[in-house]
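Only one structure is covered here, and it is reproduced in the block below.
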Amino acid sequence: MSEPATTADPSPSRVRAHADGSVGHLTLDRPEAINALDLAMIHEIDAALDRWERDPDIQVVLLDGAGERGFCAGGDVRGLHAQIVAGRADETGTFFRAEYALNARLAEFPRPIVAIADGITMGGGIGLAGHAAVRVVTERSKLAMPETRIGFTPDVGGSWLLARAPGRTGEYLALTGATMDAADAIYAGFADHLVPSERLGDLHDALVTRADPHTPTELVLLFDETAPASALEAARPWIDDAFSAATVAEIIDRLRERPEADARATADTLSALAPTGLAVTLAAVRSARGLPGLRAALAQEYGLVMWFATSQPDLVEGIRAQLIDKDRSPVWNPPTLAELPSDIGAQALAYRPDVALWS
């Protein structure tokens, strides 16, 4: 999830872009906000990629974030709240079209992109790092798609990654917004390699000097450490059993019947979240399993995002409760799963925005 600021920020650049030998180095430079994205940053990243795509000397792109707290925490959710309340859906659409085009471009870029998802990497951060050719995590990494916590649904191509996670872990991660450590992220298919944070400087130097071996993946493997056992993998028995159920209500019932304390705690978590967001998210992840590629998943997500932004009160209420008033007491509409239309997921997936994502 990554949401737009109300206007493009006229302040100095929040993206550092420079060529370091044959490496184009992009650094998100907004550490005071854990490098949260705004529209100006997206345009800056795009401009750098434009330059480097035309430059035959650039062979690799390195993408990372400034500061010690994380790579990218997402975006300006408060700005999204202001836009929806003011009825400026056109601005919301403009941001998401730019962001999703960038997500697709990163996945399709003709030179390898090495993304360092060090520290907090959530929502829009997953959209940047999760589609790179080589995805690196560290012992400090915390990855998540937490959109259901504000009555929303995973986007930025997150549904494409979640749909391909092992077993039913995709449904689990999507519905709960649970945080993955490095081992979980590698297991779930959100990352490829674990490199200790103290070796990131050495990795950068190796990419620049292009010592033998010289491909980005081979160079990363010089610093790669075997990840510890994944707690997510260990929880597969109860996750697969519960999250294979047909509906969110049935998932919760199965969780409550499980002997594992974590399963019952997960049922409590889901029971507190927005029924609409949960039902639509479940439908979206399962629909994404049948889509042909990332661009199709992004188009599906764009329709869902605009459906939420233009017609669903829960998104505004979730942002209010979590980030504006911070009372952590959202009032969802409808308040229970039993009051949802049985076809709410299909309704949301059938919505078509006035302006298409891909023209």
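Where a number appears in this text, it was derived from the coordinates with a stated rule and is not lab data. Quantities reported herein were computed from a predicted structural model and do not represent experimental measurements. Note: ideal-geometry Cβ built from the backbone for every residue, glycine included; neighbour counts use all protein chains shown.
Among 25-31, 122-128, 46-52, 337-343, how do they line up by average Cβ neighbours within 10 Å per residue, starting with the highest? Walk me through the intermediate numbers first.
Numbers: 25-31: 20.4, 122-128: 28.9, 46-52: 16.3, 337-343: 12.4.
Ranking the peptides 25-31, 122-128, 46-52, 337-343 by packing returns 122-128, 25-31, 46-52, 337-343.
What is the angle, in °, between the Cα long axis of helix 200-209 and the longest principal axis of the Cα atoms in the chain? Nearest 10 is fine, range 0 to 90.
Long axis of 200-209 versus the principal axis of the chain: about 50 degrees.
Consider the candidate values (1) 1.11; (2) 1.21; (3) 0.96; state which one is Cα Rg over 2.2 N^0.38 Å computed from the structure displayed.
Calculated Cα Rg over 2.2 N^0.38 Å: the matching label is (3).
Between His18 and Glu225, what's the calculated FRET efficiency when r is the beta-carbon distance and R0 is 25 Å? Round to 0.05. All intermediate terms of the calculation are to be shown ahead of the outcome.
Values: r = 29 Å, r/R0 = 1.15.
Efficiency at R0 = 25 Å is approximately 0.30.
For the stretch 189-339, give the magnitude of the charge dipole about the Cα centre (Cβ charges: +1 Lys/Arg, -1 Asp/Glu; no others), in debye to the nearest 20. Before the final figure, lay out the partial values.
Working: 13 positive and 23 negative charges, 103 e Å.
That gives a dipole near 500 debye.
Please compute the contact order of the chain in relative form: average sequence separation of alpha-carbon pairs under 8 Å and at least six residues apart, divided by the residue count, as a percent.
Working: 721 pairs, mean separation 57.9, N = 359.
Worked out over the chain, it gives 16 percent.
Please report how far the C-alpha centroid of the stretch 240-267 lies from that of the stretch 147-187, rounded to the nearest whole angstrom.
The two parts, judged by their Cα centres, are 16 Å apart.
Determine which residues of the stretch 210-239 fall in the zone a paramagnetic label at Arg199 would reach in this model, i.e. backbone nitrogen under 20 Å from the point 7 Å along Cα→Cβ.
Counting backbone N atoms under 20 Å from the label point, the list is 210-230.
Between Ile324 and His43, what is the spin-label point distance in nm, taking each point 7 Å from the Cα along the Cα→C-beta axis?
Modelled inter-label distance: 2.6 nm.
Work out the FRET efficiency for Ala234 and Ala356 from their Cβ-Cβ distance, taking R0 = 51 Å, and round it to the nearest 0.05.
Working: r = 42 Å, r/R0 = 0.83.
Efficiency, rounded to the nearest 0.05: 0.75.
Largest first and in whole Å, what are the equivalent-ellipsoid semi-axes of the stretch 205-359 based on the Cα gyration tensor, each being the root of 5 times an eigenvalue?
Working: eigenvalues 239, 124, 61 Å².
Result for the stretch 205-359: semi-axes of 35, 25, 17 Å.
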